[in-house]
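The values are calculated or read from the model by the stated rules, or taken from the named source; none is laboratory data. Quick caveat: nothing in here was measured; it's all calculated off a predicted structure. No Cβ is skipped: glycine too gets one built from the backbone with ideal geometry, and neighbour counts run over all protein chains shown. What goes into the accessible areas is simple: the full protein's heavy atoms, side chains included, and nothing from ligands, DNA or RNA. Shrake-Rupley method; radii C 1.70, N 1.55, O 1.52, S 1.80 Å.
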Amino acid sequence: MSSHSPNQTHSMGAPFKFTDANLATYQEYLTRYDDVESALLPVLHLVQEQIKWLPQEAIEYVSVLMNIPEIKIKEVISFYDMFYDVPVGRNMVHVCTNITCSMFGGREIYAGLLKHFDTDYLTPTRDGRISLQKMECLGACEMAPCMRINNDYVGPVDLADAINKLEELP
Ligand code: FES
């Protein structure tokens, strides 16, 4: 069981700091790496576990905490599509649109989900429940066409299955 405090809401401009539990996790991360910078990826994941995305206030906090320039942190965030610099929904849904999944309809499933939930890439649905993100290979080609709902891989799915699964999300 994770000791992190998951999914606090965070509005733009609100101050950020780690919960006590996550601060302890951060200290533990530091013991695993030779230098502080090497811990940046797991630390950014930890921020996202706490508040789902990486607002400017969190970048400033991490910058001071780890003594890493903000610009470097922003470069990392923009390089990896697993980090979000915009607010996202309570549930992250990654739909694979790479070759194997596309051969079995992955792109149409992604387009169909955007239409059904009346949303766009990463934009949270109006009820704040879901953000959809198309992804390159999720590493589960044997499940094609597949998607990842938070940390769970689901596949093969068709559009109707995918809609049903997402409608069940809290
Ligand atoms: S191409 Fe979709 S999981 Fe690999």
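Below is a table of values for the structure above.
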item	result
Candidate set from the stretch 14-48 (those that are within 17 Å of I73 (Cβ to Cβ) and among the acidic types (D, E)); member that is surrounded by the fewest Cβ atoms within 10 Å (Cβ to Cβ)	D35
Total residues in the stretch 124-141, condition open to solvent by 50 Å² or more (accessible area, probe 1.4 Å), under 22 Å from P87 (Cβ atoms) and in contact (Cβ under 8 Å) with a residue 12 or more places away in the chain	1
Residues of the stretch 89-109 satisfying the condition of being out of contact with any Phe, Trp or Tyr (no Cβ under 8 Å at 6 or more places or on another chain) and either open to solvent by less than 20 Å² (accessible area, probe 1.4 Å) or within 23 Å of H10 (Cα to Cα) (or both)	G89, R90, N91, M92, V93, H94, C96, C101, G105, G106, I109
Residues of the stretch 142-153 satisfying the condition of being surrounded by fewer than 17 Cβ atoms within 10 Å (Cβ to Cβ) and either within 14 Å of the ligand (Cβ to nearest atom) or modelled with pLDDT of 95 or more (or both)	E142, D152, Y153
